[in-house]
Amino acid sequence: MEQYRKDLIHLHIIVFIYGFTAILGRLIGLHASDLVWYRVLIAFVSLGALMIYRKVSWQLPRISIIKLIGVGFIVALHWVSFFHAIKIANISVALGCLATTTLFTSFLEPLVLRRRISKLEIFVGVLIIIGLYTIFQFEAHYLAGIVTGLVSAFLAALFTVLNKYFIRDHHPLAISFYEMGGGLLIMSLYVLLKHAEGAPFPLPQGMDYVYLLVLGTICTAYAYMASVKVMQSLSAYTVVLTVNLEPVYGILMAFILFGESEQMSGGFYAGTLMILGAVLLFPVLRRRKILH
């Protein structure tokens, strides 16, 4: 129980860092795919250095490495869709949609980990759908950004559940390293193909170098590895549930830093509050053993 409490506190710190990731995505001038390429490159190198420093073994079964690289593809696609949603809509829309990760996890975790579907998780999921519908009703002009944000949320749920499966047998640093390697592989192929058509290779400008360094080390290498590690005592659903506080931190920071460009309609905030309210209601109902 003591370790559970420590990991939960640690997870909240990680979530605050995740909230700042959206701010960096807005500040960095690169296209979403180029931004993610730099992100996974920096994270991959940082995690490799950390493995050497901590003397963590590189040796994993070949099939495990292949699977982890595959999960890395999913992580990279999640980040591309997330940053693209920010670029074509704004931070608030991207983070509001990301809260639906809980809904997707409630279906994916029982399928992957072979446990029964919780009636409580389904109930919370229905409340999230209602909140999402409310957002659609008032922010239809952000349709492309909302759909992209939902794709990002589904991918986030998928790789979180898969990592819960891998943490049973492998060190969190090794998991993160090979997944970042997979992300770097798929993004490198994409960037090379894109720029083979004559487009110049993207180079950061000005403060982008600093923002990318913070994004790749603190917000990715550290935060990602730490989020995998806490799954040794926390369930995938608990992790995703806590990560749903990311919109609260991110939207508040975005409003403070960017002002009017992040202002949304009352309907958007009503739908987002409904989603977050459902998320926060879950642990209360679970403790009282309602709808199990």
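The values are calculated or read from the model by the stated rules, or taken from the named source; none is laboratory data. Only a predicted model underlies this, so the values are computations on that prediction, with no experimental measurement involved. For neighbour counting, all protein chains shown are included, and Cβ atoms are generated from backbone atoms with ideal geometry for every residue, glycine included. In case anyone asks, the SASA skips ligands and DNA or RNA and just uses the protein heavy atoms, side chains included. Shrake-Rupley method; radii C 1.70, N 1.55, O 1.52, S 1.80 Å.
Laid out as a table, the results:
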quantity	calculated
VAL284/ALA196 FRET efficiency (R0 41 Å; Cβ-Cβ; nearest 0.05)	0.15
Label selected from (i) 0.96; (ii) 1.18; (iii) 0.99, the criterion being Rg/Rh (Cα atoms, Kirkwood Rh) as computed here	(i)
Distance between modelled label sites at ARG114 and ARG54, nm, 7 Å Cα→Cβ extension	2.9 nm
Estimated vicinal HN-Hα couplings, Hz - segment 223-235 in sequence order (Karplus 6.51, -1.76, 1.60; Gly, Pro = x)	5, 5, 4, 5, 5, 6, 4, 5, 6, 5, 10, 9, 6
Span-like helix ranges in the chain, DSSP H, alpha carbon extent 24 angstrom or more, Kyte mean at least 0.0	2-27, 32-54, 62-88, 119-138, 143-166, 172-195, 266-287
Sulfur and carbon atoms: percent of accessible area, segment 28-111 [1.4 Å]	70 percent
Average accessible surface area per residue within the chain, 1.4 Å rolling probe, Å²	46 Å²
Efficiency of FRET from Cβ geometry, ILE256 and SER233, R₀ 30 Å, rounded to 0.05	0.35
Distance between segment 86-143 and segment 210-259 - C-alpha centres, whole angstrom	17 Å
Full-stretch length increase - ALA140, VAL210 - with 0.36 nm per residue and alpha-carbon distance subtracted	21.7 nm
